[in-house]
Amino acid sequence: MIHFVLLISRQGKVRLTKWYSPYSQKERSKVIRELSGMILTRGPKLCNFVEWRGFKVVYKRYASLYFCMCINQEDNELEVLEIIHHYVEILDRYFGSVCELDLIFNFHKAYYILDEVLIAGELQESSKKTVARLVAAQDSLVEAAKEEAASISNIIAQATK
Amino acid sequence: MNPFSSGTRLRDMIRAIRACKTAAEERAVVRKECASIRAAVSDNENDYRHRNLAKLMFIHMLGYPTHFGQMECLKLIAAPGFPEKRIGYLGLMLLLDERQEVLMLVTNSLKQDLNHTNQYIVGLALCALGNISSAEMARDLAPEVERLLQFRDPNVRKKAALCSIRIIKKVPDLAENFVNPVASLLKEKHHGVLLTAIQLCADLCIISEEALEYFRKKCTEGLVKVLKDAVNSPYAPEYDISGIADPFLQIRLLRILRILGHGDADASDLMNDILAQVATKTESNKNAGNAILYECVETIMSIEDSGGLRVLAINILGRFLSNRDNNIRYVALNMLMKAISVDGQAVQRHRATILECVKDSDASIRKRALELVYLLVNESNVKPLTKELIDYLEVSDHDFKGDLTAKICSIVEKLSPEKIWYIDQMLKVLCEAGNYVKDEVWHALIVVITNASNLHGYTVRSLYRAIQTSGDQEVVVRVAVWCIGEYGDLLVNNIGMLDLEEPMTVTENDAVDAIEIASKRHTSDLTTRAMCLVALLKLSSRFPSCSQKVKDIVTQSKGSLLLELQQRSIEFDSIIEKHQNLRSALVERMPVVDEATYSGRRAGSLPDVSTSQGNPLQLPNGVPKTVDAPLLDLLDLSADESAPPTSSGGSFLHDLLGDDILSSSSQSGTILPQKSGTDVLLDLLSTGSPPAQNGSSTADILSISQDNDKTTGNALNSLSSPVVTSAQSSLTMDLLDGFGPNPTMPKDNGPTYPPLVAFESSSLSLVFKFSKIPGSPQITQIEANFTNKSSEVYSDFIFQAAVPKFLQLHLEPASSNTLPGNGNGSITQKLRVTNNQHGKKSLIMRIRISYKLNNKDMLEEGQISNFSRDL
C-alpha cells in the first residue's frame, strides 16, 4: 500500500501531497522535512529507494521535481517506480509535456488526475487512455456548468437592463 | 456575477506568492489572502467559495494553517453541481484527515452522492471515502459501497473495490460481506476492475482465514488462467509498457497467487507452470520486466516447494545481484534475505558479492547488504567476515558507522568462537568506533573480561596500548580505566604473557599516569572521570608506592563542582589517608559475574524489576550504590528520584555487575528510596558521624548481607571478614555498638496502632501491623502478613513496595516465598518506613504482589493511602 505521495521541487518546495494513511498536520510537515532532507541530497547514480522509519520511500526525479511514494517494507519497489512513471506519463499527456509551472498553477488538476490513478493507496487503473478519458469527461462537465452559469447571468443581466 | 471566473484570481495569488523574495513577504501575502477568505467565510459568501477553497488548498500546501476552511468543504460538497462537489471533495481530502470530528458531518452528503444518478459524482464520493474514511463512516456507508460493486459502469466498480479495501481495513468484521461480490468481479475482463478486485481479494485473504479458503478453492484456477492470458496476450497499446502487457496486472496476479499458494500444495501445483513461464520468458532489460520477475521470485519462494522453480528463482536473484543498475541490486539483496530461510547454501555462494555491496557508495544498498551479511554469518565464516567488516569500519562514512558497529558487536557477541578473539575484535571496534558503541556492549565486554581469568594480563596490556593510540574514543578509555584499576598489577609485572604478545615495560607510575591523563582529558564525561577515581583508589592499594601520587590526584577533584566527583574524591581521600587497614579489603577484585546470567538479563529473560538488588555483592568493590530506579520507575511513585545512570556515578558499576544477578534469591531486602548504602558505610568509616543517625542504614547493610549468606557466600565472606577482623578499630566498634541495641529494643513501647487491611481480594489478603521505636517517631515498623484464601499454593511469592520521596522504605526478607492455600499458614515480612515529614504528611505506599499459581504468573497491584495519620 502507498501511504503517501509527495512531489517536492529541487529547492524543497512542496508541489503536491496526498496522504492515504492518517498523519496529523504536524507529522505531515515533519515527514516532508525529513524526507526532503534525505532525498534531495542523494546523488544521481544511487538507487531510487530510501529506508525511512521502517518504511521505504521510492522516489524518482523528473526534471526539477522529485516524485516520492512511501510504501511498506514488503511492497514491490520496482512496481512503485512504474506507478510513478505511469502518473508522470498521464500528466505529460494531459498538460502536453508537463513542467513544474503547470503543476504549480494547476495543482488541483494534478490532484484530480492522481485521484483517477490511486485510491486508498492502491493502483486504480493501468490504462493511461482510460484515465485521460475520465479526467477529460469530468473537465467537460465543469466547462458545461460554467457556460450554463455564464448564459444565465447574461440573461439576468439583459433582463435587468 | 460569474462564480467560475475565479480562475484568474487563484492564478494571481499564486503569482504573488511566487514573486515574494523573502519568507516574511510570503507570510504577508498569505496573511492577507487568509484574512479575506476568513471574511468571505464569515459572510457566508457563495460566489467565490469555490475559488477560495482552491486558494486555501494552495496555502495549505505551503504549510500554513487552514482549519477555518474545513466547513467550506462541507458546504461545497452539499451543493448540487458537479464543479462545486469536485473541488469540495478535493478540499476535504486535502485539508482534513480521518481523525477530525468534522468528518462525521460529511457522512450524510457522502451517502447521497453514493446514490447519485451522475456516475462521476458517485466516483468523487467513492474516491473521498476510500482515501479518508474513518471506521464509523466505513460502517455507515459499507452497504452503499457493496451495492456499487455491481454498478453498470466499470469505472465505478473499480473505485468501489478500492473503497472496500479501506472499509475492511477499518472494520474487519465487514469482510465477509465482500467475499461474494469480489468473486464475481474476478471474472471480469476490464483491467481496472480486475486490478482492483485482485487487490481487494488479497486484502480479504489477509484479514479473514475463511475468505482465503474460499478464494483458494473457487478462484485459484481462474486467476492462473487470467495470468496466462495476460502473459500471452498479443500487443495491446493501451496496456503496453516497454513491450510487456500490463505489468501492473501481472504483478497483482502474482501477488494473489502467492497468497493463495502459500501453505497449500494443491494450489501451488496449479500455478507451477505459469510461474515457470513468467520466470523464464519475461524480458529483464527494462524496469517493468524486472518488477514482474521480482514479484515472481517472491511468489516462488513463498508457495509450497517445487525444487526446480526455486533454482530458477535463485538464478534470477544471482543475475539481479550482478546487475549494474543499483535498483536491481537493491531488490536482489532484499529478496536474498527472504531466500536465506529457503536455501541458505545458495545465498552463501553470493557472499563475496554481498560483502562488496556493504562497501557500496549508496547508503540504501549498504544498509540492505549489512542486514544480509548479518544473517549470513555462521560459526564457520565468522572470522573472515568479521575481519572484512572491521577493516571496512575504518573507511566507512560516519552515518554508517553506527549501524555497522552495532552489527559487528552483535556478530562478535553471538558467534565468537573463543574469548581471546572476542576481546581482540571488540578492542578493534572500540578503537575504531568506540563512540558508536552502546553501553550494554562494553558492559558485556567487561563481563567477558572478568570471566577470562587467563587473559586478564593480556587484556589489560592491550588496553593500555589502545588508550595510547585511541584515547579519543571514550568507551576505550572507560574499559581501559576499569581494567587497569582491576588488573594494574598484571600490567606492570607482565603477568600471564601470551606467546603472541610483544613484551613491554610499564611502571607503576606509568599506569597511574595513564589514568590521570584519562581523567583530565577534556572530552571525558562524568562517568569516565568517576571511573578514573575508582581506578585510582584501587591502584593506590595495588601499588603502595604510588599511594601519595594517587592521593594528590584524587585531592584535585575535591573542589569539583560536580557533586559525584567531589563526594568520591573526599571519600577516597580519607580512605587513602586514614583507613589503610580497610583499603585493601574495599578495593579487592570485582567478583566474577556469571556470563550466562548476565546475557540472560540482557536478553530480557529475567524480569527488569526484581526485589533483589544484590547489595552484598557490591560491597567489596569500593563504590557500589543501590539504585532502585527500575522498581521506582515501574511503580511510578517517585520517578524523579531515579537519576539517569550517567549522572549517578555508582550506577554504571552497578550496571556492570548486573543489578539483579541475584534474582534467584529474590527474597533479599530492598532499600527504598535509593540511599546509597556504601556512601553511608563510607561516611561512617571516615567521618565517624554519630551512630545514632546512621545506625539504621548500617544495620540494613549488615542484615541484608546476612540474609544473603547462603546464595552469596563467597562474596560475602570477602566483605564481612575484613570488617569483622578489623573490629579492633574503635570506630567500627562504635558503630557496632551504636546499632547493637537496636534489634533487642522492645517493640511494644509507645502508642499502639490498629492493624490495617492493606490489600484484600478473593484470593489474597494482606494485613499490616504497626509498631514504633520509642524516641524516633518518624520510623514505623510494619509487619506485613499475607494469607492465601484460595485452595491452591502460591509459589515464587514476591512482595514489592514503593513510596514517595519523603518516605524511606526498607523491606526485610520475607519468611518464605511459598504461600500454602486455604489460609493454612502465612508469609510475614517486615518493613520499616521512615517518614521525613512526620506530622505533616501521612504514609502512602504503592504495592505490587507477584506469585505463581499453577506455574502461571499472577500480579496484584494496589495503593495504600489509608494509613493512620500519625504514622
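Rule-based calculations on the coordinates, nothing more; no lab input. Everything numeric here is computed off the predicted structure, so don't read it as measured data. With ideal geometry, Cβ positions are generated from the backbone for all residues, glycine too; neighbour counts draw on all protein chains shown.
Below are the figures for this structure:
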item	result
FRET efficiency, 1/(1 + (r/R0)^6) with R0 25 Å, evaluated for A:Phe95 and A:Ser153 via beta carbons	0.25
Efficiency of FRET from Cβ geometry, B:Asp305 and A:Ser140, R₀ 56 Å, rounded to 0.05	0.50
Average partner coverage of B:76-87, which counts Cβ from other chains inside 10 Å	3
Packing-based order for B:455-463, B:378-386, using average beta carbon neighbours within 10 Å, highest first	B:455-463, B:378-386
Length released on extending from B:Met337 to B:Lys189, taking residue separation times 0.36 nm less the Cα-Cα span	49.6 nm
In the range B:746-811, the trypsin sites (Lys or Arg not before Pro) that fall in loop regions by DSSP, at most 15 other Cβ within 10 Å	B:Lys747, B:Lys789, B:Lys805
B:Ser574 versus B:Ala23: modelled label distance in nm, points set 7 Å from Cα along the beta carbon direction	5.6 nm
Segment B:Arg147-B:Ile517, length gained on full extension (0.36 nm per residue, minus Cα span)	125.3 nm
B:Ile827 long-range amide H proximity, modeled H, under 5 Å	B:Phe786
Inter-site label distance for B:Met71 and A:Arg10 at 7 Å from Cα along Cβ, in nm	4.5 nm
All lysines inside 17 Å of B:Lys217 as judged from Cα atoms, apart from same-chain residues fewer than 8 positions distant	B:Lys187, B:Lys225
Number of partner chain Cβ atoms within 10 Å, mean per residue of B:239-251	3
Average other protein chain Cβ within 10 Å of Cβ, residues A:76-87	6
Extended-chain gain in nm, criterion 0.36 nm per residue less alpha-carbon gap, B:Arg31 and B:Asn381	119.5 nm
Per-pair calculated FRET efficiency, R0 = 45 Å: B:Ser795 and B:Leu500 via Cβ, rounded to 0.05	0.30
Order by protection proxy (mean Cβ within 10 Å, highest first), peptides B:475-481, B:588-594	B:475-481, B:588-594
Sparse-neighbourhood loop sites, GluC sites (Glu not before Pro) in the range B:477-532 - DSSP loop, at most 14 other Cβ within 10 angstrom	B:Glu501
Sequence-distant residues sharing a close amide H with A:Tyr62 (under 5 Å, placed H)	A:Phe67
The range B:752-864 - Rg (one decimal) and Dmax (whole number), Cα, Å	14.6, 46
